[in-house]
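Data first, discussion second: the structure below is written as structure tokens.
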Amino acid sequence: MTGSLLEILNLLGKQSHAIDSGAAQQWAETFTPHGVFRSPTYAEPVRGREALTAFATAFAKNNPRTHHVVTNVCIDREISPDECRVKSNLLIVTTTQQHGSERVAINRITTVDDHFIRHEGVWRIAERIITRD
Amino acid sequence: MTGSLLEILNLLGKQSHAIDSGAAQQWAETFTPHGVFRSPTYAEPVRGREALTAFATAFAKNNPRTHHVVTNVCIDREISPDECRVKSNLLIVTTTQQHGSERVAINRITTVDDHFIRHEGVWRIAERIITRD
Amino acid sequence: MTGSLLEILNLLGKQSHAIDSGAAQQWAETFTPHGVFRSPTYAEPVRGREALTAFATAFAKNNPRTHHVVTNVCIDREISPDECRVKSNLLIVTTTQQHGSERVAINRITTVDDHFIRHEGVWRIAERIITRD
């Protein structure tokens with residue numbers, strides 16, 4: 001378990017910095033080539049790296065000064081040395097100007113269920129399911 | 001240190017998901033059989049798995065849409081390979097409906113001092129002391 | 001990577017507890033002896049342990065009931081086994097009294113770029129650059 005969790009923690013940290021800084025392709029590459037992203041915030045699942053890149057590009061454009069804060073990461077179930085399920089909570093934190101001063105708020109908090117597989121030696125997300133809590 | 005911290009990070013993540021999803025017994029099992037939970041929010045310490053399970057059941061019932069967000073986890077003191085003190089901060093994050101829209105707020109932030117021991121090969125909390133900051 | 005990230009996670013956790021509890025010297029010791037702290041919140045960089053200790057002392061005095069919540073920690077670039085760049089996000093969370101009840105708020109969220117080096121066998125921050133997001 002040990003090494004896998006650490007690699008996954010690192011990947012999830014990188015993933016947040018990627019989407020929040022507009023590095024859309026880097027974000028998409030945290031998924032497997034055919035990775036799927038499902039969220040109740042969006043009408044349809046996003047499938048595959050090309051669509052994931054477009055999704056992240058649009059997200060960054062439409063959500064300035066937004067942070068994906070990943071917490072409570074744990075391996076929920078180890079399926080094999082190359083496959084596991086990881087649970088975490090994601091806080092969407094936004095900074096806005098209000099009456100001349102800045103206001104930082106938690107826009108929403110979600111639970112994230114990730115199906116991780118080791119793809120070409122590297123942990124990648126095969127499927128992410130977001131639940132609004 | 002290395003392996004222990006990772007197991008403890010995983011356990012603390014699981015613990016938050018357990019109490020927030022109402023898995024009271026799973027939460028209680030992150031403590032040793034005679035584990036103690038002390039918090040200024042509650043009049044009396046909670047002692048032992050049966051009482052801890054009842055506590056978590058009541059918490060989940062009385063606190064819908066609440067997340068325990070664990071952060072700043074570190075091993076404060078290594079006592080032996082099977083015993084250590086771990087410090088963290090815990091944010092209690094709640095989602096409520098307000099004037100028809102959702103509002104996510106940090107209800108409180110606390111410091112958590114955990115006395116961990118390796119019980120039957122697994123890290124468990126022998127005593128947790130919460131301090132309101 | 002694995003072991004380094006874990007030691008760094010532990011150090012960053014300890015660092016937050018240190019500054020928030022007024023343990024100024026302990027905070028300064030998470031930097032190398034000539035470590036530098038750069039933040040747009042402050043007019044000048046803070047250089048070296050003596051100045052860092054004074055900085056942390058003043059911070060704790062002027063910011064009661066404040067928490068440094070470190071999240072999204074990842075190794076951004078491995079330079080050598082003894083040198084790496086680490087990215088994280090830092091939330092400054094404050095608790096204040098307002099109309100007789102307590103209010104917990106995120107005061108600001110920043111991106112932290114740390115240049116870590118292994119100094120006398122221990123990871124230390126040679127330079128920290130804070131960006132206000």
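The values are calculated or read from the model by the stated rules, or taken from the named source; none is laboratory data. These numbers come from a predicted model, not from an experiment. Neighbour counts are summed over all protein chains in view; Cβ atoms, including those assigned to glycine, are modelled from backbone coordinates with ideal geometry. Please note that ligands, DNA and RNA were not included when accessible areas were found on the heavy atoms of the full protein model with its side chains. Shrake-Rupley method; radii C 1.70, N 1.55, O 1.52, S 1.80 Å.
Whole Å is fine, so just give me how far the alpha carbon centre of region A:1-70 lies from that of region C:1-65. Between the Cα centres of region A:1-70 and region C:1-65 lies a distance of 31 Å.
Just to be sure I understand: with springs between alpha-carbon atoms less than 10 Å apart, which residue in B:T41, B:T66, B:T111 has the highest mean-square fluctuation in the Gaussian network model of chain B? Fluctuation is largest for B:T41. Dipole magnitude for the protein assembly as shown: about 1120 debye, using +1 per Lys or Arg Cβ and -1 per Asp or Glu Cβ, origin at the Cα centre.
The angle between the Cα long axis of helix C:2-20 and the main principal axis of chain C comes to about 30°, on a 0 to 90 degree scale.
Each of A:A54, A:G100, A:I8 was scored by the projection of its Cα onto the charge dipole of chain A, and the greatest displacement toward the positive side belongs to A:G100; charges sit on the C-beta of Lys, Arg, Asp and Glu.
Rounded to the nearest 20, the size of the Cβ-charge dipole of region A:2-132 about its Cα centre is 420 debye, with Lys and Arg at +1 and Asp and Glu at -1.
Sequence-ordered 3J(HN,Hα) estimates for region A:39-46 from the Karplus curve with 6.51, -1.76 and 1.60 and θ = phi - 60° stand at 9, x, 5, 10, 5, 10, x, 9 Hz, glycine and proline given as x.
Here the ratio of the Cα radius of gyration of region B:2-132 to 2.2 N^0.38 Å is 1.06. The other copies place their C:T131 label points at 3.5, 3.5 nm from this one, listed shortest first, where each point is 7 Å from Cα along Cα→Cβ.
Taking a point 7 Å out from the Cα of A:R85 in the direction of its Cβ, the residues of region A:113-133 whose backbone N falls within less than 17 Å of it are A:113-118, A:125-132. For C:E120, project a label point 7 Å along Cα to C-beta. Then give me every residue of region C:37-75 with its amide nitrogen under 13 Å of that point. Label zone hits: C:49. In region A:43-86, burial by the other protein chains removes 40 Å² or more of accessible area from A:H67, A:V69, A:N72, A:C74, compared with the chain on its own (1.4 Å probe, ligands and nucleic acids ignored).
Across the identical copies, the 7 Å label point of A:N107, projected outward along Cα→Cβ, sits 2.5, 2.5 nm from its counterparts, in ascending order. Relative to the compact-globule estimate of 2.2 N^0.38 Å, the Cα radius of gyration of the protein assembly as shown comes out at 0.96. Ranked by the mean number of other Cβ atoms within 10 Å per residue, highest first, peptides A:9-18, A:53-62 order as A:9-18, A:53-62. For chain C, the relative contact order is 23 percent, taking Cα pairs closer than 8 Å that sit 6 or more residues apart in sequence and dividing their mean separation by the residue count. Per-residue surface analysis assigns A:D76 an accessible area of about 70 Å², computed on protein heavy atoms at 1.4 Å probe radius.
Helices in the protein assembly as shown, meaning DSSP H runs of at least 4 residues, each add -39500 (n - 2.57). Divided by all residues, the mean residue ellipticity at 222 nm is -9500 deg cm²/dmol. Distances, shortest first, from the label point of A:A51 to those at the same position in the other copies read 5.3, 5.3 nm; the point lies 7 Å along Cα to C-beta. In region A:65-117, Cα pairs under 8 Å separated by at least six residues give a relative contact order of 36 percent.
Per-residue Karplus couplings for region C:120-131, computed as 6.51 cos²θ - 1.76 cosθ + 1.60 with θ equal to phi - 60°, are listed in order as 6, x, 10, 5, 9, 8, 7, 8, 10, 10, 9, 10 Hz, Gly and Pro entered as x.
Close amide H partners of B:F31, meaning residues 5 or more places away or on another chain with modelled amide H under 5 Å apart, are B:I125. State which entries of A:K14/B:K14; A:K61/B:K14; A:K61/C:K14; A:K14/B:K61; B:K14/C:K87; A:K61/B:K87 exceed 28 angstrom in Cα-Cα distance in the structure shown. Those over the limit are A:K61/B:K14; A:K61/C:K14; A:K14/B:K61; A:K61/B:K87. Per-residue mean of foreign Cβ neighbours for C:13-21 is 5 (Cβ atoms of other chains, 10 Å radius). Here the Karplus curve 6.51 cos²θ - 1.76 cosθ + 1.60, taken at θ = phi - 60°, turns the phi angles of region C:91-104 into couplings of 9, 9, 10, 10, 10, 10, 8, 9, 6, x, 10, 8, 10, 9 Hz, with x standing for Gly and Pro.
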